[in-house]
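A quick write-up on the structure given underneath.
The values are calculated or read from the model by the stated rules, or taken from the named source; none is laboratory data. None of these values were measured; they are calculated from a predicted model. Glycine also receives a Cβ, built like all others from the backbone with ideal geometry; neighbour counts cover every protein chain displayed.
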Amino acid sequence: MKKLAVAALSAACIISAAAFAGCNSGEAAVNYKLSEDGTHYIVAGVTGNLRALTEYDVPSTYCAEEGGQALPVTEIGDDAFMNCTRLAKVTIPDTVTRIGARAFVRCAFTSFTIPESVTVIESKAFFDCSYLEEIIIPHSVKSLGEMAFYSCTSLKSAYVKAEIETLEPYTFYNSVYGQGQNVFYSTSLTKVYLPASLKRIHITALQGNLITDIYFAGTEEQWDELYFYEMVAKKVDGKETDEKEEKRFDKKDVVGTTEIHKNSEF
């Protein structure tokens with residue numbers, strides 16, 4: 001490719017070291033906040049020495065005080081683990097449905113399991129996770145934000161099983177800036193697996209990688225209908241306006257010599 005990606009809960013809980021194993025690591029503490037409607041908890045962020053947090057298991061339920069009501073943890077909030085640069089292992093329970101914007105920016109894990117309960121992955125969720133080697137985005141995901149895996153320079157393969165129609169701008173974009181702002185493209189990401197539901201791919205979604213193989217779950221006809229695009233300023237009487245319109249690209253001009261495998265199961 002060219003260089004261009006409840007169950008019923010107990011009424012009360014008892015706070016104990018076992019219930020919140022990993023909640024504190026050295027001088028770091030993971031904090032929670034109650035949702036506005038009071039039905040669930042959100043992982044709100046890490047305080048203290050962020051580098052002290054090296055692994056963490058998000059609990060499926062949480063209560064704020066001893067004897068309080070246990071409620072499900074359903075969201076990894078915006079910026080929750082941002083800049084925890086030594087966080088190498090995270091376990092997410094199947095109660096979580098949303099991974100917030102910038103939730104895991106610059107974390108250190110080499111692998112990460114997104115549970116089938118997750119339906120939304122917001123923009124920049126895994127931005128600059130430079131050690132991440134493989135990712136599987138499950139069928140349950142209905143919304144995958146822009147730049148979700150931007151600059152994950154060690155990523156070798158990405159399995160997009162999500163039932164989405166658009167691969168948003170810079171989803172798997174990779175580049176490394178050298179002296180003088182020269183751009184050196186990453187070649188780690190060579191294989192991408194795309195769902196049959198996909199209708200269009202932004203021209204930057206896979207940019208900066210040398211993709212050798214695209215595995216597409218759909219048919220030959222579905223592949224023929226899929227296209228690459230970008231949004232450009234709409235012109236009226238030859239002059240650009242503030243309104244945007246879609247510009248389509250011929251797939252052959254984008255994928256080049258990349259091998260396309262249709263009807264692929266993954």
Query raised in the report: Where residues in the stretch 188-234 are touching a His at 6+ places or on another chain (Cβ under 9 Å) and hydrophobic (A, V, I, L, M, F, W, C), which of them is farthest from Glu163 (Cα to Cα)?
Result: Met231
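Say we look at the stretch 216-244 and pick out the residues that are assigned to a strand (DSSP E or B) and either out of contact with any Lys or Arg (no Cβ under 7 Å at 6 or more places or on another chain) or of a type in the set (S, T, N, Q) (or both); which of these is nearest to Ala148 (Cα to Cα)? I'd like the intermediate steps shown before the answer.
So in the stretch 216-244, the residues assigned to a strand (DSSP E or B) come out as 216, 227-236, 239-244.
Retained after the next criterion (residues that are either out of contact with any Lys or Arg (no Cβ under 7 Å at 6 or more places or on another chain) or of a type in the set (S, T, N, Q) (or both)): 235-236, 239-242.
Values: Lys235: 31, Val236: 34, Lys239: 34, Glu240: 30, Thr241: 29, Asp242: 27 Å.
Checking each candidate, the answer is Asp242.
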Query - Residue match in the stretch 129-140 (condition: of a type in the set (Gly, Ala, Ser) and in contact with a strand residue (DSSP E or B) (Cβ under 8 Å, 6 or more places away or on another chain)) - result: no
Query raised in the report: Any chance the stretch 60-73 includes a residue that's under 18 Å from Leu50 (Cβ atoms) and crowded, with 20+ Cβ neighbours inside 10 Å?
Result: no
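Just wondering, is there one or more residues in the stretch 169-186 that are at pLDDT 95 or above, out of contact with any Phe, Trp or Tyr (no Cβ under 7 Å at 6 or more places or on another chain) and either surrounded by fewer than 20 Cβ atoms within 10 Å (Cβ to Cβ) or not small (Gly, Ala, Ser) (or both)? Lay out the reasoning, then the answer.
Applying the first criterion (at pLDDT 95 or above) to the stretch 169-186 yields 169-172.
From the residues that got through so far, the ones that are out of contact with any Phe, Trp or Tyr (no Cβ under 7 Å at 6 or more places or on another chain) too are 169.
Applying the additional criterion that residues be either surrounded by fewer than 20 Cβ atoms within 10 Å (Cβ to Cβ) or not small (Gly, Ala, Ser) (or both) yields 169.
Within the stretch 169-186, one or more residues are at pLDDT 95 or above, out of contact with any Phe, Trp or Tyr (no Cβ under 7 Å at 6 or more places or on another chain) and either surrounded by fewer than 20 Cβ atoms within 10 Å (Cβ to Cβ) or not small (Gly, Ala, Ser) (or both).
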Report task. Looking only at the stretch 233-247, decide whether some residue is out of contact with any helix residue (DSSP H, G or I) (no Cβ under 8 Å at 6 or more places or on another chain), of a type in the set (A, V, I, L, M, F, W, C) and under 17 Å from Ile201 (Cβ atoms). Result -> no
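If you check Thr95, Thr85, Thr47, Thr39, which single one turns out to be part of a loop (DSSP other than H, G, I, E, B), more than 20 Å from the chain's Cα centre (by Cα) and at pLDDT 95 or above? Steps first, please.
On the way: Thr95 fails: more than 20 Å from the chain's Cα centre (by Cα); Thr85 fails: more than 20 Å from the chain's Cα centre (by Cα); Thr47 fails: part of a loop (DSSP other than H, G, I, E, B).
Going through Thr95, Thr85, Thr47, Thr39 in turn, just one is part of a loop (DSSP other than H, G, I, E, B), more than 20 Å from the chain's Cα centre (by Cα) and at pLDDT 95 or above: Thr39.
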